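Here is the structure we will look at, set down as structure tokens.
The values are calculated or read from the model by the stated rules, or taken from the named source; none is laboratory data. What you are looking at is a predicted structure, and each value in this text was computed from that prediction instead of being measured. So basically every Cβ, Gly included, is an ideal-geometry build from the backbone, and we count neighbours across all protein chains shown. Ligands, DNA and RNA are excluded from the accessible area calculation, which covers all protein heavy atoms including side chains. Shrake-Rupley method; radii C 1.70, N 1.55, O 1.52, S 1.80 Å.
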Amino acid sequence: MATWDDVEAAVVALPDTAEPTPRRWTAHERGLVWERPLRRSDHEALGPDAWPGEIVCFRTPDLDAKDALLASAPDVYFTTPHFHGYPAVLARLERLPADEAAEVVADAWLALVPKRTARAWLDAHPEVRPG
């Protein structure tokens, strides 16, 4: 399963990324992935389903991608009312496969960086298939 080192490795493998504060990474100066502990309002909304472990928040390319992740693995991905209408999904880090974390990071990165940057990276990495 994924660790913070896996998340960091996925991010630093991509150009135009930074870690302005610990466990908060950006792509083209926009939020890409970050640690997101549950807040009191999240605990109230989730009730007994509130995850006690570490939580990572991934930006998603759009709301459809968010919905797809939520439907694909509800034991891994979830959301809270705070993120309603926002293209981001929460994940239970200890349940997230490392390779899947890298895919989610890459998909979000592709949506955040300039098209020229994304195309150059995709051309240099033909094994990557976004989506």
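Worth pointing out:
- Length added when fully stretched, A50-D67, from 0.36 nm per residue minus Cα-Cα: 4.2 nm
- Principal-axis analysis of the Cα atoms of the chain puts helix 63-72 at an angle of about 60° to the longest axis.
- Calculated on the alpha-carbon coordinates, the convex hull of region 1-47 measures out at 93 cubic angstrom per residue.
- Spacing of the modelled spin labels on A18 and D99, each 7 Å from Cα toward Cβ, amounts to 3.4 nm.
- Label-point separation in nm, A9 to D75, each point 7 Å along Cα→Cβ: 2.4
- The alpha-carbon positions of region 47-101 define a convex hull whose volume is 80 Å³ per residue.
- Rounded tilt (10° steps) of 115-124 against the dominant C-alpha axis of the chain: 70
- As a fraction of the 1.4 Å probe accessible area of the chain, surface on carbon and sulfur atoms comes out at 52 percent.
- Chain lengthening between E127 and H82 when straightened (0.36 nm per residue, less Cα-Cα): 12.7 nm
- Residue by residue, region 8-16 carries 3J(HN,Hα) couplings of 4, 4, 5, 6, 5, 6, 10, x, 6 Hz when phi is fed to the Karplus relation 6.51 cos²θ - 1.76 cosθ + 1.60 (θ = phi - 60°); x denotes Gly or Pro.
- M1-K115 FRET efficiency (beta carbon distance; Förster radius 35 Å; 0.05 resolution): 0.60
- To the nearest ten degrees, helix 98-112 and the longest principal axis of the Cα atoms of the chain are 70 degrees apart.
- Across the chain, Cα-Cα pairs more than 23 Å apart make up 28 percent of the total.
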